[in-house]
Amino acid sequence: MGVPTVRPSDWQVLQVVHRLGAIPQYKLADLLGRNRSTVNGTVQRLLASGWLVRAGQSGTGRGRPAILLAVNKSLGCFAGIDIAADELHVAVVGADGTLQDQVRTRFGRDRSLSAVLDQIDLNLRGLLSRMDANVSRLLGVWAGINGAVNDRGVVVTCASHRWYNVPLRDRLAQRYGCDALVQGSAGVMNAAAESLMGAGREAESLVYYHVGRGISARLVSRGRALAGRTQRAGEFGHVVVEPGGPKCACGNRGCLEAVASGPAIVAALSKLPRRGLPAPLRAMLRKSPPEKKRAIVCTAFQYANGRKDQMLTKLLGRVTAYLALGAAMAVAAYDPDVLVLGGYAFEDNPALQEGIRKALRAMVLDWEERKVRVVLGEVMSQDRAIAGAAEVCQRFWANPRGVVVSA
Ligand SMILES: [Zn+2]
């Protein structure tokens, strides 16, 4: 059973209810400037088709209480799928854009397209059945992947899954019979999100400097992200900064990512002699599961602060210098209004933020005159699947293709 279609004139009523939330019927007539019997006919149709539901009563005064109408959030829904390096996060939001349910699972050894699509399918169907729905209720799907994606939703390259030229958008649209939107790279998605609704919403240009599992510096200028010919503009992570240095996931040695990303910091920390480390950090390195990298990085910086003679301070000083170099190059290349620091390495980590600010003053020519605002990102990367689902939901309400049809 799919999602029932709606007449264009009924859609306008539905949109008002969607925008304003639970609302009594008589107000709809006033707001739309239509007479009450016309609106009543529309409301009856929308209630019968399931698009609207009765959501309690309004008013406790002397007048007759009015029945409130609301969009039936379980009628149609939107899925957000975040294909991260090790983990799959699937979230479902209802027709009203609110989160219904979500699930995170780790990828197995087989990371081929068909294996990942099957894993997505299993998770998505599980979530939908818990909501008493099924895939025919899907009105839109968003997928984000840790790689380069072109404007036709083809994954040009994704190193962690070894995908090249994979038509992910078309495959998802075929499988679920609805619109699909595919966006690439944490950096690109977060840069766009920061420009739209985060730390850079008032700036003409921003560079989103991401330091988490990977490292990138993406430029968004006047609302448009610079993509580059192969969609990899700003991938600073795989520039070799320490020739012959530690091995990188890409196969090269001494990439910025191999010496200063979150996993690289944790790997370097676990190679230090344990005895010299503060006890809490020692305990975390001993027992923390791999997903606790953020907490380890943050704790390490917290303890390193101000102890100049220790190995830890030396290691993190080197990491900070490399990260500052990446930021300085990005500022020199793009000359932005705002530099947004994002990714888990910066979260709850004032020591690293301050270290970068201090180093930039010394590294970038005319730093004071440039007046670049250095701010912390506001959009949290853990919620990407939910934000993506909300994004396709928003797009649906602006352009409900296929659902609104003339009777
Ligand atoms: Zn590399």
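Listed by chain and number, the lysines whose alpha-carbon sits under 28 Å from that of Lys73, ignoring those within fewer than 8 places in the same chain, are Lys27. Each Lys and Arg contributes +1 and each Asp and Glu -1, all at the Cβ; summed about the Cα centre of the chain, the dipole is approximately 740 debye.
Using the empirical formula 2.2 N^0.38 Å as the baseline, the Cα radius of gyration of segment 200-378 reaches a ratio of 1.03.
Let me check against my output: what whole-number percent is the relative contact order of segment 8-71, with C-alpha pairs under 8 Å and at least 6 apart?
On the way: 76 pairs, mean separation 25.6, N = 64.
Once divided by the residue count of segment 8-71, the mean separation gives 40 percent.
Distances between every pair of Cα atoms in the chain, grouped in 20 Å steps from 0 to the bin holding the largest one, split as 24, 47, 24, 5, 0 percent.
Within the chain, which complete DSSP H helices have Cα atoms spanning at least 24 Å along the helix axis and a mean Kyte-Doolittle hydropathy of -0.5 or higher?
113-130, 311-334
Counting only DSSP beta bridges with both residues in the chain, the antiparallel share comes to about 60 percent. With distances taken between every two different alpha-carbon atoms, segment 8-71 has a Kirkwood hydrodynamic radius of 11.7 Å. Each peptide in 161-174, 359-372, 203-216 receives the mean, over its residues, of other Cβ atoms within 10 Å, and ordering these scores from highest gives 203-216, 161-174, 359-372. Scanning residues 5 or more positions from Gly377 or on other chains, those with amide H under 5 Å from its amide H are Leu341, Gly342, with H placed 1.01 Å from N in the peptide plane.
Placing unit charges on the Cβ atoms of the charged side chains and taking the dipole of the chain about its Cα centre, the candidate lying farthest along the positive direction among Gln100, Leu14, Ala148 is Gln100.
Suppose a student asked you for the relative contact order of segment 200-378, using Cα pairs under 8 Å spaced at least 6 residues apart; what percent would you report? Kindly include the intermediate steps, with their values, before the conclusion.
Values: 276 pairs, mean separation 44.5, N = 179.
Reported as a whole number, the value is 25 percent.
Rounded to the nearest Å, what's the spacing between the alpha carbon centres of segment 57-113 and segment 391-407? Just the number, please. So the separation of the two Cα centres works out to 17 Å. Express in % the proportion of alpha carbon pairs of segment 294-353 at distances exceeding 18 Å. Percentage above 18 Å: 39.
Can you tell me how segment 316-407 classifies by the Cα gyration tensor, rounded, prolate or oblate, using a/c under 1.5 as the rounded cut?
Values: a/c = 4.25, a/b = 2.38, b/c = 1.78.
Note, shape of segment 316-407 comes out prolate.
For the listed residue pairs Lys287/Lys358; Lys287/Lys314; Lys293/Lys358; Lys271/Lys358; Lys292/Lys358, the alpha carbons are over 32 angstrom apart in Lys287/Lys358.
Under 1.5 on a/c is rounded, so check that first for segment 47-144, then, if it is not, pick prolate when a/b is larger than b/c and oblate when it is not; a ≥ b ≥ c are the square roots of the alpha carbon gyration tensor eigenvalues. If you can, show how the numbers build up before the last one.
Values: a/c = 4.03, a/b = 2.99, b/c = 1.35.
Taking the square roots of the gyration eigenvalues as a ≥ b ≥ c, segment 47-144 is prolate.
Readers should treat all values here as calculations from the given coordinates under stated rules, not as data from a laboratory. Source: prediction; values computed, not measured. Because the Cβ atoms are built from the backbone with ideal geometry, glycine has one as well, and the counts that use them run over all protein chains shown.
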